[in-house]
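Structure first, then comments.
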Amino acid sequence: MRTGIEQIRLYRVDMPLVRPFRTSFGTQTTRDVLLVEARTSDGHSGWGECVAMEWPGYSYEYVDGCVDVMTEHLIPAVLSTNDERSLDPAFVHAQLAGIRGYPMAKTALTTALLDAWLRGRAERLVDYLGAAYPNELRDRVPCGVSVGIPPDENIDSLLDEVAGYIDEGYLRIKLKIQPGWDVQAVRAVRETWPKILLQTDANQAYRRDDVDLLRAMDPYDLLLVEQPLPEEDLVGHAMIAAAIDTPVCLDESITSIEVAESALALNATSIINIKPGRIGGYVAARDIHDLCRDRGVPVWCGGMLETGIGRAANVALAALPGFTLPGDTSASGRYFGLDVTKPFVLDDGYLHVPQEAGIGVQPIAAVLEELTTWSAFFRHD
Ligand code: NPG
């Protein structure tokens, strides 16, 4: 028999964060991470990470729901054959095409399968995604950091946290904002560091009527404001974009390449945050990158507090040439005391793209065992 999927394993891993992460949609103190392992009949293991949170605060997906849709629908669909086609990315895509939604669950599973397939071919994810740009792929990517709303809502606490990140070498600061925690935070950071690359992220916390609140941040030379309005409101984003000087960048709204096209056509966004988990995988992410590059629209790689598994794949994606802005691809130490993989370490503001085949990293078995709270496996009948 030629190589096929032998087994799919799910792991729930408890990863305490080094500090609480507060956004306009809630506070996270730990990550309940769902990892997927795809074992092949020729002995390779591929890995994918599900970026859903424990509760449906950022999107409708959440960890228990992802386990359910994987168990009941996604895994049976990809296990319906175990010949060599079962790992082929185009075949996998076709197998899942009839199941709507659940992009985070799909991304985790398809990344594990893609990683296994690439390992079998001794090919790196970055080379696979960037096949159209072989001479323009980078071997390191510039990194920004996303700074939550301080639990005490104190400007000095914010400045202390930002100072620490700047000392570590981060090249761009992103401040989480919401009405009541916006212009004063932006002003304080801008006055303390007049030259730092600075941007904001509202996670949908404003409404069309709040245009004056958003315009009040125009004097502070921001790279962009991310997702000010509810994700469905593309026209509202176009109105805001026309009314303020700071460029609008969409995140939550961009759920597919079709929405990306619509948002660009409406002038609802002039920059796009690409998160594979939000759009259903790394191939879809690459396609949005290619579209934006053709149109001269800058993109950057978002983050969802990933472990080294998701981070490795994000860093490979961010090595494509259209990723012209620093991403939310911070070092492992920004999130976790102990990562499940060899930690990603900041080098002069950059993370290095893994050099091994596939996503280029794998969990350290003893760490995975220590942190796993639940696991399950699935194979052909
Ligand atoms: O560095 O990974 C990171 C975090 C970047 O701010 C960040 N992520 O809204 O983009 C976001 C936010 C997020 C994190 C959203 C976790 C959902 C879950």
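Would you point out the residue of the range 224-252, among those that are acidic (Asp, Glu), away from the ligand (no atom under 13 Å from the Cβ) and closer than 20 Å to residue 57 by Cα, that is surrounded by the fewest Cβ atoms within 10 Å (Cβ to Cβ)?
Step one: filter the range 224-252 for residues acidic (Asp, Glu), giving 226, 231-233, 245, 251-252.
Within this subset, residues satisfying the condition of being away from the ligand (no atom under 13 Å from the Cβ) are 232-233, 245.
Now narrow it down to the ones that are closer than 20 Å to residue 57 by Cα: 232-233.
Numbers: 232: 10, 233: 17.
Only one residue tops the list, namely 232.
Which condition from (1) within 25 Å of residue 340 (Cβ to Cβ); (2) part of a loop (DSSP other than H, G, I, E, B) is the one that residue 8 breaks?
(2)
Output the residue which, of all residues in the range 89-111 that are out of contact with any helix residue (DSSP H, G or I) (no Cβ under 7 Å at 6 or more places or on another chain) and part of a loop (DSSP other than H, G, I, E, B), is farthest from residue 285 (Cα to Cα).
98
Of all residues in the range 272-298 being more than 19 Å from residue 33 (Cβ to Cβ) and within 14 Å of the ligand (Cβ to nearest atom), which is most open to solvent (accessible area, probe 1.4 Å)?
279
Can you confirm whether residue 133 is touching a strand residue (DSSP E or B) at 6+ places or on another chain (Cβ under 9 Å), assigned by TED's automatic domain parsing to the domain that holds residue 185 and under 21 Å from residue 314 (Cβ atoms)?
Numbers: touching a strand residue (DSSP E or B) at 6+ places or on another chain (Cβ under 9 Å): no; assigned by TED's automatic domain parsing to the domain that holds residue 185: yes; under 21 Å from residue 314 (Cβ atoms): yes.
No.
Which one of these is out of contact with any Cys (no Cβ under 8 Å at 6 or more places or on another chain), among the aliphatic types (A, V, I, L, M) and open to solvent by 40 Å² or more (accessible area, probe 1.4 Å): 116, 185, 112, 131?
On the way: 116 fails: open to solvent by 40 Å² or more (accessible area, probe 1.4 Å); 185 fails: open to solvent by 40 Å² or more (accessible area, probe 1.4 Å); 112 fails: open to solvent by 40 Å² or more (accessible area, probe 1.4 Å).
Testing whether each residue is out of contact with any Cys (no Cβ under 8 Å at 6 or more places or on another chain), among the aliphatic types (A, V, I, L, M) and open to solvent by 40 Å² or more (accessible area, probe 1.4 Å) leaves just 131.
Within the range 72-88, take every residue that is acidic (Asp, Glu) and assigned to a helix (DSSP H, G or I) and give me the one that is modelled with the highest pLDDT. Walk me through how you get there before you give the answer.
The initial filter retains those residues of the range 72-88 that are acidic (Asp, Glu), namely 72, 83-84, 88.
Applying the additional criterion that residues be assigned to a helix (DSSP H, G or I) yields 72, 84.
Values: 72: 98, 84: 78.
It comes out as 72.
Is there any pair with a first residue in the range 316-333 that is hydrophobic (A, V, I, L, M, F, W, C) and a second that is open to solvent by less than 10 Å² (accessible area, probe 1.4 Å) and part of a loop (DSSP other than H, G, I, E, B) whose Cβ atoms are under 7 Å apart and which are 6 or more apart or on different chains, and what are they?
316/353; 316/359; 318/329; 319/130; 319/353; 320/130
Name the residues in the range 328-344 that are under 16 Å from residue 359 (Cβ atoms) and outside any loop (DSSP other than H, G, I, E, B), would you? It would help to see each step written out before you state the result.
Taking the range 328-344 and keeping what is under 16 Å from residue 359 (Cβ atoms), we get 329, 332, 339-344.
Within the range 328-344, just 332 meets the criteria.
Out of the residues in the range 358-373 that are part of a loop (DSSP other than H, G, I, E, B) and buried (at least 20 other Cβ atoms within 10 Å of the Cβ), which is farthest from the ligand (Cβ to nearest atom)?
362
The values are calculated or read from the model by the stated rules, or taken from the named source; none is laboratory data. As the structure is a computational prediction, the values presented were derived from the model and not from experiment. Because the Cβ atoms are built from the backbone with ideal geometry, glycine has one as well, and the counts that use them run over all protein chains shown. Heads up: the accessible areas ignore ligands, DNA and RNA and are worked out on the full protein's heavy atoms, side chains in. Shrake-Rupley method; radii C 1.70, N 1.55, O 1.52, S 1.80 Å.
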